[in-house]
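Working notes for the structure below.
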Amino acid sequence: MTTFTKIILHTDAEGRARFREEALELTEGKPAARLSPLLPSGGYQLRESPVGFRSDFHCTENPQWVFILRGQMEIGLQDGSSRVFSPGQHFFSADLLPAGAAFDARVHGHWSRQVGDEPLVTLFVRDR
């Protein structure tokens, strides 16, 4: 069975953002062009971030796929680790604020920034 690696930015049991990987089986299509099942979506947005852009720590408000179209995007976590995503790469952003929690920038969420000398262009596709 062919699979697609879904990189997921999620909130762990302690309320901290973490990355994990999950296999998404490609069960549709033909042998030369395997597809995942049709997944629901709730719309999309395009964003351009200028050279030098960096956000503060924040949580994802709505689970969404993030696709890098141009430039590079770095995502940093509270533990000091980070990952850089380049054009053609993606991740599923679902590091939501835990139910009942008040946002604490020392504990919750992630930051993002544009990397390199060209603006960052991203496509956000809402989960639902």
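Read-outs: derived from the displayed coordinates by stated rules, not from any lab. Note that the structure is a prediction, hence the values are computed from the model and not measured. Note that each Cβ is placed from the backbone with ideal geometry, even for glycine, and that neighbours are counted across all protein chains shown.
Of all the listed residues (37, 31, 63, 50), the sole one being at negative phi and out of contact with any strand residue (DSSP E or B) (no Cβ under 9 Å at 6 or more places or on another chain) is 31. Beta carbons closer than 9 Å, at least 6 apart along the sequence or on distinct chains, pair a first residue in region 1-19 that is under 20 Å from residue 105 (Cβ atoms) and touching a residue at least 60 places away in the same chain (Cβ under 8 Å) with a second that is assigned to a strand (DSSP E or B) and small (Gly, Ala, Ser) for 9/17; 9/93; 9/94; 10/17; 10/93; 10/94; 11/17; 11/94.
Within region 18-46, if we keep just the residues that are aliphatic (A, V, I, L, M) and part of a loop (DSSP other than H, G, I, E, B), the residue that is nearest to residue 96 (Cα to Cα) turns out to be 39.
Taking the criterion of being surrounded by fewer than 18 Cβ atoms within 10 Å (Cβ to Cβ) and in a strand (DSSP E or B), the residues of region 77-89 that qualify are 82, 83, 84. How about region 90-117: which of its residues are surrounded by 13 or more Cβ atoms within 10 Å (Cβ to Cβ), over 20 Å from residue 22 (Cα atoms) and among the charged types (D, E, K, R)? Passing the criteria: only 113. Please work out if residue 105 is among the small types (Gly, Ala, Ser), over 17 Å from residue 55 (Cα atoms) and in contact (Cβ under 8 Å) with a residue 24 or more places away in the chain. No: the conditions fail for residue 105.
Here is a yes/no grid of residues against (1) closer than 12 Å to residue 7 by Cα; (2) aromatic (Phe, Trp, Tyr); (3) in contact with a Gly (Cβ under 7 Å, 6 or more places away or on another chain):
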{"site": "53", "(1), (2), (3)": "no, yes, no"}
{"site": "61", "(1), (2), (3)": "no, no, no"}
{"site": "67", "(1), (2), (3)": "yes, yes, no"}
{"site": "72", "(1), (2), (3)": "no, no, yes"}
{"site": "87", "(1), (2), (3)": "no, no, no"}
{"site": "92", "(1), (2), (3)": "yes, yes, no"}
{"site": "99", "(1), (2), (3)": "no, no, no"}
